[in-house]
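Rule-based calculations on the coordinates, nothing more; no lab input. Source: prediction; values computed, not measured. Note that we place each Cβ from the backbone using ideal geometry, even for glycine, and neighbour counts take in every protein chain shown.
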Amino acid sequence: MAKRRSVARRKNKGVLGNAGTLARRSFTICLIVGALGCGYLGASMWKQIQELPDVTMVERFEPIEAIQILDKQDHLICTVEGDEDRRVVPLNQISTKMQQAILAAEDHHFYEHNGINFFSIFRASMANMVAGHVKEGGSTITQQLAKNLFFADAGRTYDRKIKEAYVAWDLERRYSKERILNMYLNQVYFGNNAYGIERAASRYFDRSAAQLSLAQAAFLAGLVKAPSELGLPQNRAAAYSRQKEIIDKMVEYGYITAAQAKEAKDQQLAFKKGTNSMQKYPYYISYVLQVLRERFSQAEMRRQGLRVYTNLDPVAQELAEKALNEGIKKAPKGVTQGALVSVSVSGGEVVALVGGVGNFWKNQFNRATNPHTVGSSFKPFVYLTAFCKNVLGPDSIIDDSPLVIKSPWGQAPYAPKNFDHKFYGRIPIRRALALSRNVPAVKVGQQVGMESVIETARLAGVTAKLDPNLSLALGSSAASPLEMAGAYSTFARFGIAIKPQVIRKIENNRGQVIEVFDPRADRAFQVEPVARLVECMQDCVRWGTGTQAKLADRPVAGKTGTADEGKDIWFIGFTPDMVTAVWGGNDENKAIEGKNVTGGVVMAKIWHDYNEAFYKARPTAPGSFMAPTQFVPDEKKAGDQLAKNPEASESKSETTPTTTGSSDNSSELKAEAQPLSPSSETAPTPGTPIQPETTVTSPSSTSSSSTSASTPAVAPAISTPAAEPKVAPEPVREKPEGEKRLLPYAAPTLWMPVTPKEGSTR
């Protein structure tokens, strides 16, 4: 019996011992796993703490802001949005009602907690558990700010919420409630691409944050809950419902009275029409942005919130848009597009720039800044070259007769034609330019050398590619209306070149000047040669191809241009105070069919209508152009110039009857043209009908010279105009080191820098 008890005892002890051993082992394993888990969690938490952002970054934080663009009177034209359209304002420039509305909507206990509201978190957690999904959040305004500043790209996880809470606590520890509320109101999204309360107030109600009414403030505060949905016009009913909820909360929290709430609910909100910031003046603004992109990266523009002060004159811009749109509507079939650029003579300011008609957003193509074949509008550079060399004057005689120039390597000869396929014989230079005769322009180009002509164009301000062939004399190359307007402005200043400017200065969002666009004035030509050219260009408008551009109350000088097959038609003209270039054509570069589809018929009329309306809206003294002195040719220079072209091919002039009595029409001419001299002949009677312009023929053309049996029009009388008082400009001072050149005429105050194809006719 005793033996059995002993055996049983041993058996029981073994069972208990095994169980104890198992328990001890399990406990040990749990301890190890727990320790490892705690270690992992600790390490993970430590890692997360290390990865938390430095909240002091808000001291150096520069919110993304929109670019503000202002006109020449410093009035805001528009704001141009980047990825975020924002304008930062201090708390004292945000209405009290707006501050109260956002607190009522998002965080009524804002001034009571230290960044984390545990009661709100618990309430939101219970609501989400019941709903089975995230229905509401318990984030304070400080937590929302932390998310927007540091965790905007993070997913909606509990890990992110923990980080938000820590950063919110740290923000509250370091900064005042007012500072945090201000940062939040400037950072939060209100829908419709409006970031921050200032831009939201402007975007929805066309007013500042300081001017918001109670009803407007409650409406905007309500958008924060779901800005992408509630900000849409089609969801306005839901937005109104949210607005009323917030107004009721403001009464509950003691911000407003019941009477104020009723008045706010009854107020009919008037929303701003249109949301596109570039609806006004899109062509001008798009070019301003192009200039900015050449100077700043996208990130720099977004971060600095640039304020761009432009030279845009809203009156000029609107009149230019109207004149161009109406003119293109009336233009012949095939002329479907146009461009107009207006530049101030005094300082080179671009006061108007229109790059097309119709919807800008259809293709966003700016025809004012893109090149088009210039046609005969290039001829003034040819004649100015001759005037600068002092080998020709306005009354020098040139033979408008057939010209054939042999081409090398068996290519077809170059035989330029006049538009009417007629020749006028011996005519003065001024008539050749005023009536836009092609052959005389080519002969002058031969005489002075096309490289010299290109140099003249460069000095005037043309930067486009120019090929040094004879067809360039007829405008076979392309340039933009902006570029041509700038070059012609050098003529209007009698030889002083200033690059056209659309921007005056640029500031950052703190009002610090980043860059000033100082109009640098350089003497490109002597006064006398340019004065002679301007006199001839006035004849173009008085009785030449540009009569449609005449203004009743002031002098006008200019030049027409019609490229090959009428694909591009121009008129570029100027008064003593403003230069305007007008181009017409189509985007398909198709030939324009029909008669009289020339720059002188179509574009000169648009030029006239625009300028007439402008001077009516902006009354200006008519002024006058400088009269040139009598031309005395430099025979030595003329001889030297001729000697430079001994290799020129021969050209033959076929007999063309003229009324000038000249017997030289059948004489053989050298390709470089004959020496020209001042006219001693009696000028014909004025009032001659104007012939249409010619088309350029390329050097490779198979055309040959032709004979016209018709009698050319009689040249108008070359009368000496009444003596105008000569205004001797002040000499241009040489630019000392570190000093800007000053304009030799009355000019606006200059900003001081601070750190930081072939073809042509009339």
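Tabulated results
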item	result
Violating pairs (Cα-Cα greater than 18 angstrom) within the set LYS97/LYS265; LYS333/LYS559; LYS244/LYS265	LYS333/LYS559
Estimated distance in nm for a label pair at ARG295 and GLU455, the labels positioned 7 Å out from Cα along Cα-to-Cβ	3.3 nm
11 Å beta-carbon shell around PRO90, net charge (K/R +1, D/E -1)	-1
Approximate spin-label separation SER228-LYS330, in nm, with each point projected 7 Å along Cα-to-Cβ	5.1 nm
Net charge over other residues, Cβ less than 14 angstrom from the Cβ of ALA485 (K, R count +1; D, E count -1)	+1
Relative packing of peptides 328-340, 565-577 - highest average C-beta neighbours within 10 Å first	565-577, 328-340
Cβ-Cβ FRET estimate between ALA552 and ASP266, R0 fixed at 60 Å, reported to 0.05	0.55
Packing-based order for 385-395, 90-100, using average beta carbon neighbours within 10 Å, highest first	385-395, 90-100
Region 284-362: radius of gyration over Cα atoms, expressed as a fraction of 2.2 N^0.38 Å	1.32
5 angstrom amide H check on ILE398, placed H, neighbours 5+ away	ILE427, ILE429
Contour excess over end-to-end distance, with Cα ends at LYS465 and GLN512 and 0.36 nm allotted per residue	13.1 nm
For region 175-184, Karplus couplings with θ = phi - 60° (6.51, -1.76, 1.60), whole Hz, Gly/Pro x	10, 6, 4, 4, 5, 5, 4, 5, 4, 5
Gained length - ASN589 relative to ALA237, 0.36 nm times residue gap less alpha-carbon distance	121.7 nm
For region 321-670, average projected area of the Cα convex hull in nm²	20.0 nm²
Residue exposure sequence - ASP266, ASP522, ASP609 - by fewest surrounding Cβ within 10 Å	ASP266, ASP522, ASP609
Stretch gain in nm, segment THR257-ILE32, where the contour uses 0.36 nm per residue and the Cα spacing is subtracted	74.7 nm
Per-peptide average of other Cβ atoms within 10 Å, ordering 402-412, 509-519, 184-194 highest first	184-194, 509-519, 402-412
Whole-Å distance, taken between Cα centres, linking region 296-355 and region 449-496	22 Å
Pairs from LYS147/LYS362; LYS72/LYS465; LYS72/LYS273; LYS330/LYS616; LYS443/LYS499; LYS505/LYS567 whose Cα-Cα separation, in the structure shown, is over 27 Å	LYS147/LYS362; LYS72/LYS465; LYS443/LYS499; LYS505/LYS567
Fraction of alpha-carbon pairs over 18 Å apart in region 392-474 - percent	47 percent
